[in-house]
Amino acid sequence: QIAVGIQKELDFPGWYTNVLIKSDMLDYYSVSGCYILKPWSYSIWEAIQAWFDAKIKEMGVENAYFPLFVSAKVLEKEKDHVEGFAPEVAWVTRAGNTDLEEPIAIRPTSETVMYPYYAKWIQSHRDLPFRLNQWNSVVRWEFKNPQPFLRTREFLWQEGHTAHLTKEGAGEEVLQILDLYRRVYEELLAVPVIPGIKSEKEKFAGGLYTTTIEGFIPTTGRGIQAGTSHCLGQNFSKMFNIVVEDPNAGTGESSSKIFVWQNSWGLSTRTIGVMVMVHGDNKGLVLPPRVASIQVVIVPCGVTAKTSDELRKRIPDECDALAKKLKKAGIKARADLREGYTPGYKFNDWELKGVPIRLEIGPADLDKEQTLSVRRDTGEKAPIKMANVVEDVGKLLETIQTDMFQKAKATYESRIKIVYDWKDFVPTLDNKCVVIMPWCEVEACEDDIKERSGKPALGEQVDERAPSAGAKSLAFPLDQSKYPKIEAGKTKCPACGRDAKRWMLFGRSY
Ligand SMILES: O=C1CCCN[C@@H]1CCCn1cnc2ccccc2c1=O
């Protein structure tokens, strides 16, 4: 039985991995925490890559490739950058029967790999802005329960690393990239995200500030960090001595050096996991047309033992001709002419794989010169005149893309609850919602909120590898105007009573 067989609302983790396997997106691998990305999911990553790569190239970013390995000396160049992450670093200690003199780390991220060379290559302010990106994979040997796409020991991503003359120049790019990330989710994956700024506690410790796009998984009511764009300030340029002459210094003055202002930004194959979780249903994947490698599948119907020889040939031929016609118009269509499978079996199969539109052609459709369209997202059926099929299918794909986004956006917005009183905080989380509240921005309060909202039931065994129950701060939404004005000195933080400063999203998260 090829249907998913596990209900999304009843066993979400089971549903998730089942859908990924049965839709042929991935296969398990012999090393724990690692998965094989099969064409059905890899083609989604390729669609994301193609779109994002073109956009950053328009900005003047160039792709490069740096080595996978980084020496301990270089990786640990700056303690506070790595200390919190050290347990996740994977090391090569042996080649064949020979132990290595020095253990060599596999990159968990490439700041320390790249920046010694930024120091060498960036000499003058004319070299700025300096912008390189890598499409690569990184390794983080996490011990928390792995989840395909969301938390894996190796994952594919892009990591952009740029250098600027001024803080403002860097800051402008941080937000430009963050908006590209938002568009990858909202325009390609039909997944709504909230752009914002991380708290001091949640930001990348090695940087100056972290901007983020926060996604939401309705089934669990958990937030998920969907992409990050950091301003590193001058922290790394001071560590690695990446300096340029001050262009404004008069000639002859003592050479005044400027430490460059840097950014680093990353988006990973986590994008695919979020898309599956947000859109999938109990029949399997639901793919947004913009990233579907097959947008339309055409299935011959009504061919039975009693069907005339003429029709038995004509119906598949019509399906094939229609597929060719749609492909010629740039629509990714496939005729499923497999022998020995019933139409019903094929319907199930393509629904499992999340193909946005199914077109059926049977004897009655031929008579009426039409095809019957079936939407994967809503199941809605509608006949389409063959005379207009290219235009109508094209429009239907756009409609599906928009409807999927609007539906997910409405769900997300319905799960964001304003909280003014602490008594409402935990019940809101327990209702699978996230909290938006006027917050004091005091880190001790943040710790207290996590503690007070995650208390395990009395005597309950806490498994630190289980997803946390405590609420974290997710982001200060960039758009604060959506929420009531915070009266300085009047509006109080619901958790601690101090003066509130900005609206902050809190939620349980991945
Ligand atoms: O997010 C991004 C975006 C892409 C470039 N890197 C930044 C910051 C990465 C933060 N990070 C994350 N895990 C790590 C794991 C081990 C060692 C170091 C790190 C580490 O620096």
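The values are calculated or read from the model by the stated rules, or taken from the named source; none is laboratory data. The structure displayed is predicted, hence computed values, not measured ones. Every residue, glycine among them, receives a Cβ derived from its backbone with ideal geometry; neighbour counts consider all protein chains shown. Just the protein is used for accessible areas: all its heavy atoms, side chains included, with ligands, DNA and RNA removed. Shrake-Rupley method; radii C 1.70, N 1.55, O 1.52, S 1.80 Å.
Determine whether region 212-221 contains at least one residue that is farther than 26 Å from Ser453 by Cα and out of contact with any Gly (no Cβ under 8 Å at 6 or more places or on another chain). Within region 212-221, none of the residues are farther than 26 Å from Ser453 by Cα and out of contact with any Gly (no Cβ under 8 Å at 6 or more places or on another chain). The residue of region 82-121 that is modelled with the lowest pLDDT, among those that are closer than 19 Å to Leu232 by Cα and touching a Leu at 6+ places or on another chain (Cβ under 9 Å), is Val82.
From the list Ile242, Ile315, the lone residue that is among the β-branched types (Val, Ile, Thr) and either farther than 29 Å from Pro356 by Cβ or in contact (Cβ under 8 Å) with a residue 60 or more places away in the chain (or both) is Ile242. If you check Val299, Val286 for being at pLDDT 95 or above and either farther than 23 Å from Asp365 by Cβ or of a type in the set (Asp, Glu) (or both), only one passes: Val286. Between Glu310, Glu318, Glu339, Glu351, the distinction of being away from the ligand (no atom under 16 Å from the Cβ), touching a Gly at 6+ places or on another chain (Cβ under 8 Å) and open to solvent by 10 Å² or more (accessible area, probe 1.4 Å) belongs to Glu351 only. Filtering region 245-283 to residues that are assigned to a strand (DSSP E or B) and modelled with pLDDT under 95 leaves Glu245, Lys257. Within region 219-268, the set of residues being among the aromatic types (Phe, Trp, Tyr) and within 16 Å of the ligand (Cβ to nearest atom) comprises Phe236, Phe240, Trp261, Trp265.
Whether any residue in region 180-194 is out of contact with any Leu (no Cβ under 9 Å at 6 or more places or on another chain), touching a residue at least 12 places away in the same chain (Cβ under 8 Å) and within 14 Å of the ligand (Cβ to nearest atom) is what I want to check. Among the residues of region 180-194, not one is out of contact with any Leu (no Cβ under 9 Å at 6 or more places or on another chain), touching a residue at least 12 places away in the same chain (Cβ under 8 Å) and within 14 Å of the ligand (Cβ to nearest atom), which makes the answer no. Considered as a group, the residues in region 426-443 that are over 21 Å from Lys485 (Cα atoms) and touching a strand residue (DSSP E or B) at 6+ places or on another chain (Cβ under 6 Å) include one that is surrounded by the most Cβ atoms within 10 Å (Cβ to Cβ), and that residue is Thr428. Within region 219-252, the set of residues being open to solvent by less than 10 Å² (accessible area, probe 1.4 Å) and not small (Gly, Ala, Ser) comprises Ile224, Cys231, Leu232, Phe236, Ile242, Val244.
Within region 101-118, being part of a helix (DSSP H, G or I) and surrounded by fewer than 18 Cβ atoms within 10 Å (Cβ to Cβ) holds for Pro116, Tyr117. One residue alone among Phe149, Phe66, Phe155 is under 20 Å from Leu267 (Cβ atoms), in contact with a helix residue (DSSP H, G or I) (Cβ under 6 Å, 6 or more places away or on another chain) and within 16 Å of the ligand (Cβ to nearest atom), and that residue is Phe66. A residue that is surrounded by 13 or more Cβ atoms within 10 Å (Cβ to Cβ) and within 15 Å of the ligand (Cβ to nearest atom) occurs nowhere in region 119-129. Figure legend. Inter-residue proximity from region 257-274: first residues open to solvent by less than 10 Å² (accessible area, probe 1.4 Å), second residues among the acidic types (Asp, Glu) and outside any strand (DSSP E or B), beta-carbon distance below 7 Å, spacing 6+ or different chains. Indicated pairs: Asn263/Glu173; Ser264/Glu111. Just so you know, in region 366-425 the residues that are aliphatic (A, V, I, L, M) and assigned to a strand (DSSP E or B) include one that is most open to solvent (accessible area, probe 1.4 Å), and it is Ile418.
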